[in-house]
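Worksheet for the structure shown next.
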Amino acid sequence: MKTFTFHGIPNQPFSSWLTEGMKEIFSTRGYTYLPAPEDHPKLVFHLADMENPRPYRRKSQATFVVTIIETFQKPKDIHKEAYPYLVRTLANHLMYVVHHSDGTELYFLTPEQGRYSIMVDSNQSDEEIFEKIFERLEPLASSRLVINNDFYEDLPEPLWEGDEVTESLSVSGKKLDTMNLLPAPFPLEEVLTPRDIRHLNRLYGIGGLSYGNLSARKDENNFWMSASGIDKSNMSDVGKDFLYISGYDEKSNAMKVSIPPKIKPKRASVDAIEHWMIYREHPEVGAIVHIHAWMDGIQATQFNYPCGTLELAETVAQMVSESEDPSRTVIGLKNHGLTITGRDLDNIFERIDGKIIPQVPMD
């Protein structure tokens, strides 16, 4: 069931108007309002205090949280000033309401550092404004995460120290660094309490935030992929930097990861489900690179689905299938970045050399 609720009390006339409008449009679009957050809603609008932002402590992965912060000071750098609120409140999305001399602007920020905005002014009706808000948030509200891992200590011994494929991933990670395509991992420990970090790790298995990933096929059914939350310019260890993805278990909704025995592994990148779908459907694809950058003249997804969701994976895999050459295509992820396929990693870097635009266009 598609359900939603609000957590917190509006303390300004604008936030009262905003919450009432969102309640109405989500209710008219097939979502059921739950008066009490304890009823395990699918979507929570969390009204947070800017001076003391606290997280909404969801009880399951299936609950998505949109934090709402209201300020009367126009930011000089929206990411620098607003992004920490997204992390501090453990949100999937941040709606940053900014009142300034030209009117009110709603900034929407994602964990992948995507950003877009809506201007609220007298030239638009309430219906038009809330329609735009619904369009921005509905892909989040309807998404299903695939971020769990099932680890099996069955990695063949000859692969315990890696192979030529992991070596190519290591070299490619360094290439991304020299191209300035590896933003520094976000320092969670600087904005979250130890208790919040433990909660985040229990719920999602996340101990850090990093951006982008890369993978390369080993054989018909398996591929190596960079792990989550690591420095991709310095990958060396199997089970910690490189993960051997052997499939997807639909019953447990988890990626299957083979590791050496007696090792505490890192988790697979949230994009593992997307890579798995592409490799499964296209034997000719030998490598995939995902970066938070852009290129001109590419196809792009219509909706801004979150990372790690089945909907994003299915959308990108379908677009790869529909491309002229699935083994050599570039797919834009709206307000997010690029997924690039190739016969191998060298093929990908040869094709994108000199064509990368560091800033992802936001709309």
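For the stretch 3-141, the antiparallel share of DSSP beta bridges with both residues in that region comes to about 45%. When +1 charges are put on Lys and Arg Cβ atoms and -1 charges on Asp and Glu Cβ atoms, the dipole computed for the stretch 160-352 relative to its Cα centre reaches about 740 debye.
I'd like the FRET efficiency for PHE72 and HIS40, computed as 1/(1 + (r/R0)^6) with the beta carbon distance as r and R0 of 41 Å, rounded to 0.05. Given R0 = 41 Å and the Cβ-Cβ separation, E is 0.75. What the Cβ-Cβ distance of SER233 and THR28 gives, at R0 = 51 Å and to the nearest 0.05, is a FRET efficiency of 0.60. Here the chain is treated with +1 on each Lys and Arg Cβ and -1 on each Asp and Glu Cβ, and its dipole about the Cα centre works out to around 1000 debye.
For ILE331, neighbours were defined as the other residues whose beta-carbon sits under 11 Å from its Cβ, and their charges (Lys and Arg +1, Asp and Glu -1) total -1.
For the chain, the alpha carbon positions stretch 64, 44, 37 Å along the principal axes, listed from largest to smallest.
Would you mind checking the tilt of helix 126-141 against the longest principal axis of the Cα atoms of the chain, expressed as 0 to 90 degrees and rounded to 10? Result, in degrees: 30. Rg over Rh for the stretch 76-186 works out to 1.15, both radii taken from alpha-carbon positions and Rh defined as the Kirkwood radius.
Return the single residue from ILE288, ILE68, ILE25 with maximal mean-square fluctuation; model: Gaussian network over the chain, springs between Cα atoms under 10 Å. With Cα springs under 10 Å in the chain, the top fluctuation among ILE288, ILE68, ILE25 is at ILE25.
Each stretch of four or more DSSP H residues adds -39500 (n - 2.57); spread over every residue of the chain, this sum gives -9000 deg cm²/dmol at 222 nm.
Between LEU333 and THR301, LEU338, THR339, the built amide H atoms are under 5 Å apart, and every one of these is 5 or more places off in sequence or on another chain.
Restricting the stretch 29-108 to trypsin sites (Lys or Arg not before Pro) that sit in a DSSP loop and have at most 12 other Cβ atoms within 10 Å of their own Cβ leaves ARG29, LYS59, LYS76. With the dipole of the chain worked out from charges on the C-beta (+1 for Lys and Arg, -1 for Asp and Glu) around the Cα centre, which of GLY297, ASN222, GLY332 lies farthest toward the positive end? The listed residue farthest towards the positive side: ASN222. In a reduced charge model with +1 at each Lys and Arg Cβ and -1 at each Asp and Glu Cβ, the stretch 3-141 shows a dipole moment near 660 debye about its Cα centre. For the chain, the longest principal axis of the C-alpha atoms and the axis of helix 310-322 are separated by about 60°. Protection proxy ranking for 8-18, 308-318, 127-137, using the average of other Cβ atoms within 10 Å per residue and placing the highest first: 308-318, 127-137, 8-18. Distance from the Cα centroid of the stretch 125-142 to that of the stretch 333-363 is 29 Å (rounded to whole angstrom). So what's the gap between the Cα centers of the stretch 226-297 and the stretch 42-86, to the nearest angstrom? Cα centroid of the stretch 226-297 versus Cα centroid of the stretch 42-86: 29 Å apart.
Remark: the stretch 160-352 is approximated by an ellipsoid whose semi-axes, taken from the C-alpha gyration tensor as √(5λ), come to 24, 19, 18 Å, largest first. Over the stretch 303-352, the hull volume per residue, using the convex hull of the C-alpha atoms, is 80 Å³. Measuring against 26 Å, Cα to Cα, the residue pairs LYS232/LYS262; LYS74/LYS232; LYS266/LYS334; LYS132/LYS334; LYS42/LYS76; LYS2/LYS74 contain LYS74/LYS232; LYS266/LYS334; LYS42/LYS76; LYS2/LYS74 as the ones spanning a longer distance. Farthest toward the positive end of the dipole of the chain, out of SER122, LEU155, THR3, is the Cα of THR3, where the dipole comes from beta carbon charges about the Cα centre. Annotation: the antiparallel percentage among DSSP beta bridges lying fully within the chain is about 65. Pairs of alpha carbons in the stretch 20-99 separated by more than 20 Å make up 37% of all such pairs. Springs between Cα atoms under 10 Å define the GNM used for the chain, and in it the highest mean-square fluctuation of ASP249, ASP77, ASP346 occurs at ASP77.
Can you work out D for the stretch 3-141 in µm² s⁻¹ from Stokes-Einstein, where Rh is the Kirkwood radius over C-alpha pairs, the temperature is 37 °C and the viscosity is 0.692 mPa s?
Values: Rh = 15.1 Å.
The calculation lands on 217 µm²/s.
Values quoted throughout were computed directly from the atomic coordinates according to the rules given, and no laboratory measurement underlies them. Small disclaimer: the values here were computed from a predicted structure and weren't measured. Cβ coordinates were reconstructed from backbone atoms using ideal geometry, including for glycine residues, and neighbour counts include every protein chain displayed.
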